[in-house]
1. Any residue in the stretch 1-19 that is surrounded by 10 or more Cβ atoms within 10 Å (Cβ to Cβ) sitting within a Cβ distance under 9 Å of a residue that is at pLDDT 80 or above and not in a loop (DSSP other than H, G, I, E, B)? List the pairs, counting only those 6 or more apart or interchain.
2. Condition first: part of a helix (DSSP H, G or I) and surrounded by 10 or more Cβ atoms within 10 Å (Cβ to Cβ). Now tell me which residues in the stretch 28-48 satisfy that.
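The values are calculated or read from the model by the stated rules, or taken from the named source; none is laboratory data. Please read all numbers here as calculations on a predicted model, not as lab measurements. Methodologically, a virtual Cβ is constructed for each residue, glycine included, from the backbone with ideal geometry; neighbour enumeration extends over all protein chains shown.
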Amino acid sequence: MSALTDSVLTVTTRLLAQPQTPDPTLPPSTIPDEAVTPGVWGFVAIAFVAIATVLIVVDMSRRVRRTRYRGEVRERIQAERDEAALAAAALDDEELPGDADRRARYVDGDPGTPGDPGDDTERRRREGDS
């Protein structure tokens, strides 16, 4: 080490090793330390802070739980809507048992099928009413 480093280290050690002296500007205390207490008002203030903290924590946990439940309900509703949409799309694509016969009748123009393009009953009924 260098001479400068040695001297700084020596001075620092001597300063730290000196005993601490009390600050001469502060007067000595005449009240014993065990007689100094926060009193009734200190207890009331600390009790108020503790009760307020507990109430705030309970309210916050209730709000967080409510928010989480709302999110879960929204997810369930969305999942049900998605399932319903998939089921509706599957029903549209799915052929029901009588669909093939009905389609064949419409194509053939079977007059016995109501609403069929080849069905004249609707046209006759409208002409008869007028």
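1. Listed pairs, sorted by first residue: none to list.
2. Passing the criteria: G42, F43, V44, A45, I46, A47, F48.
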